[in-house]
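No value in this document is a laboratory result; all are computed from the given coordinates. Nothing here was measured: the structure is a model prediction, and the numbers come from that model. Heads up, the Cβs are rebuilt from the backbone with ideal geometry, glycines too, and the neighbour counts pull from every protein chain shown.
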Amino acid sequence: MESNQERNLRKEIEEKLNDEVLRGALSRFAEAYPIARAKAYENVEDLDGLRDKFRQMKIDTVANLEQIADKFETEATKRGVKVFRAKDGDALKKYLLDLCESKGVKRIAKSKSMATEEILLNHTLEDAGLHVKETDLGEWIIGIAGHRPSHMVMPAIHLSRQQCAEYFSQELHKEIPVDIPFMVQEARIELRQEFLQADMGITGANFGIAQNGAIGLVTNEGNARIVTTLPKIHVVVIGYEKLIPTIQDAAYIMSMLPRNATGQLMTSYMTLVDGVTPYMAKNAEGKWVEEEREVHYILLDNGRLKAAKDPMLKESFNCVRCASCLNVCPVYTVVGGHVFGHIYSGGIGAILTAFLNGMKDFEHINEMCIGCRKCVEICPGRINIPGLIDELRARAVKEHGLPFAAKVVFENVLANRKVFHTMLRMASIGQKPFQSGRVIRHLPLFLSGMAKDRSLPAIADTPFRDRMAKVAKKIDKPVKRVAFFAGCNIDFVFPETGEAIVKVLQDLNMEVVFPMDQSCCGKPVLGMGDRDTGKNIAKRNIEAFEKVDADVLIFGCPTCAETWHETYLSLFADEPAWLARAEKLAHKVQEFAQFVTPLYAAKGRLDKKNGATKVTYHDSCHMRRGLGIYKEQRQLLDAAKGYEFVEMKDADKCCGMAGAFGVKYTEISMPILKNKVDNIKNSGAEVIAVGCPACMMQIQGGLDKQAPNIRVKHVAEIMAENL
């Protein structure tokens, strides 16, 4: 596997975006998967409880990992298994090559194992002159094609049946029709000889049970079971993260793994291996005699034990390799695992890559994570994949710093409110030659691609901070004193949204103040891993809002709200004085709809109304899965005069913006945006309501190019219309 130093990621992205077979296969699967998974869980009464039990079991296991590994080895040894603990891939390969030499092994049949992919085991065995054949159908096909797996469960998902037929024809030296049952039968015939002639079988394991030293294999083809039973030697390569304490714990895995991986209640084959078993072999005289099969467990470290002791990275041990996170990842479903991956794919793959292969390989592919958190929502172990990626980014920056240009911008512009705001005001003048109304539809020269499929937002002539004095009014006997945090987008791109928020709050008899020293919340800086600059920005904002002594802090942007409510606290974990100040303000943080909805309800203003204008709603990722707010906006829209609220398909799917991602990886962002625009159009709505300014920018830009008749409004603007 080439390192990221040698990869041309832009070229790889372009190739995959032009691969209609890949795009079609991933798109169809992404469409079908949620339905199949939901159906598989229909009769599971307490899925959240099941996930909690599994997660706690994994937490307890990691806390006692070495003792559980000792127990696993002891119990396996009692049952005749030879156990070897491999520090890394080199140690594993040496053990295996020595074993092959001592036992006269010439032919090896393998069943799919990501751990062996991780250390490139097949290449080493083949270089030593051994005949190695993958027997999992998908792995066999990509082996012929010379590809890496593009998915942890379905390694050949990126290939069409026509391409598979070509590879079959190439391998079998005869014309193979594009007929799946026929191809499967031909594969059976071909692989049968591999099973019968193999001297050794190598498998992975879905779990290893310390209680009885058994390993479990979950498959749909049965090849793994044959690999464990026909060859005279069976070798299991299992990572420490697959160890669990008891048989009961395996039940948690079996209840979720098939459902999450492929939408099945149960896979076709569930195999347990708990020691040596007899097999029939011919002796020197040609007679069939019963002999004892050798079983070897190789327990692979390769960075796992270090990760298990890491306060943050140990959470990755909750992964059961179901790949459900890939199945719902908006980036993976556009470019696939060969782009968004090294050995392991997707966001979880980026994390595993960091401690299994090294930070250099992590640093390139981690940018593919859009941070939508759909993976967290569906993960059996509730792994905070985007959170761990943010942690690793911060470590990378701490280790060798930011790129020079980013460092200059962050430290001298974003961290300096006056400089930052002055530059934004200058940009509002400089954009005039390219501006058309409130958008920029065309850019010159090498920048033209940025505005090809979406318009870009224009910076407002007059920012919100310059309008606040006009919109603010004196409130007699206010119910509360509210401080409004606008964030960069509302302040300088959508000041009308800021005006609407203030008007609604004042209508609810709130005194609204706007601290003029407030600036960017720091999320762009923190998202790049620069926590030092992020701290400086946070401190300036905290100081600005402490001065106004408000009862509530209102946010019209969920990203800013979450940054204040959660990220600021983690930033100051090692600075008690600042942590106390951050906590005091964090308790006052309220997102606009979250704050307004119960007040409207108390005043009897949430009665459902139907109007002439259809409006639908887009859930921003930070709002829905970060703050957990999604009902309130719908209640407000249902009660808005003149509007009829309609739900659209996949309302909670990412729009593809994700801050810098939407700019840096425009070519990936645009297909994601197109899906969102198509769903908006199909809803029949004339207005799309959102609660996030960044999503407003993205969706407005897409609609301006693809459906200019549909308007974009912040929920607050629709509420203000009703005053």
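For Lys398 and Lys306, a Förster radius of 22 Å and the Cβ-Cβ distance give a FRET efficiency of 0.80, rounded to the nearest 0.05.
Near Pro181, once Lys and Arg are set to +1 and Asp and Glu to -1 for all other residues with Cβ below 13 Å from its Cβ, the sum equals 0. Working note: Cα gyration tensor of segment 125-222, eigenvalues times five, square-rooted, sorted largest first, giving semi-axes of 26, 17, 14 Å. The ranking of Val184, Val339 from fewest to most other beta carbons within 10 Å of each one's beta carbon is Val184, Val339.
Note on Lys103/Glu126: beta-carbon distance plugged into 1/(1 + (r/R0)^6) with R0 of 22 Å gives a FRET efficiency of 0.80.
Taking 30 Å as the limit for the C-alpha separation, the pairs Lys360/Lys674; Lys39/Lys82; Lys374/Lys535; Lys110/Lys674 exceed it in the case of Lys360/Lys674; Lys39/Lys82; Lys110/Lys674. According to the Kirkwood relation over distinct C-alpha pairs, the hydrodynamic radius of segment 464-721 is 18.8 Å. Overall, the anisotropy analysis places segment 550-695 in the oblate class: the square-rooted eigenvalues a ≥ b ≥ c of its C-alpha gyration tensor yield a/c not less than 1.5, with a/b not exceeding b/c. Note on the chain: antiparallel DSSP beta bridges, both residues inside, total approximately 30 percent of the bridges counted. Every helix of 4 or more DSSP H residues in the chain counts as -39500 (n - 2.57), and over all residues that averages to -14500 deg cm²/dmol at 222 nm. The gain in end-to-end length when the Asp549 to Lys588 segment is fully stretched comes to 13.0 nm, 0.36 nm per residue minus the alpha carbon separation. Which residues in segment 387-418 place their backbone N less than 19 Å from a point set 7 Å from the Cα of Ser570 along the Cα-to-Cβ direction? Correct set: 387-399. Relative to the longest principal axis of the Cα atoms of the chain, the long axis of helix 247-262 makes an angle of roughly 70 degrees.
Once the chain from Asn509 to Asp60 is taken as fully extended at 0.36 nm per residue, the excess over their C-alpha distance is 156.6 nm.
The value given for the chain is a Kirkwood hydrodynamic radius of 28.0 Å, derived from the mean inverse Cα-Cα separation. Each principal axis of the Cα cloud of segment 76-300 was evaluated for its coordinate range; sorted largest first, these ranges are 50, 49, 34 Å. Between Lys39 and Lys232, the distance separating the two model label sites (each 7 Å from Cα on the Cα→Cβ line) works out to 4.8 nm.
For the pair Asp466 and Met359 in one chain, pulling the backbone fully straight at 0.36 nm per residue adds 34.0 nm over the alpha carbon distance. Per the Kirkwood definition applied to all pairs of different Cα atoms, how many angstroms is the hydrodynamic radius of segment 214-363? It works out to 17.9 Å.
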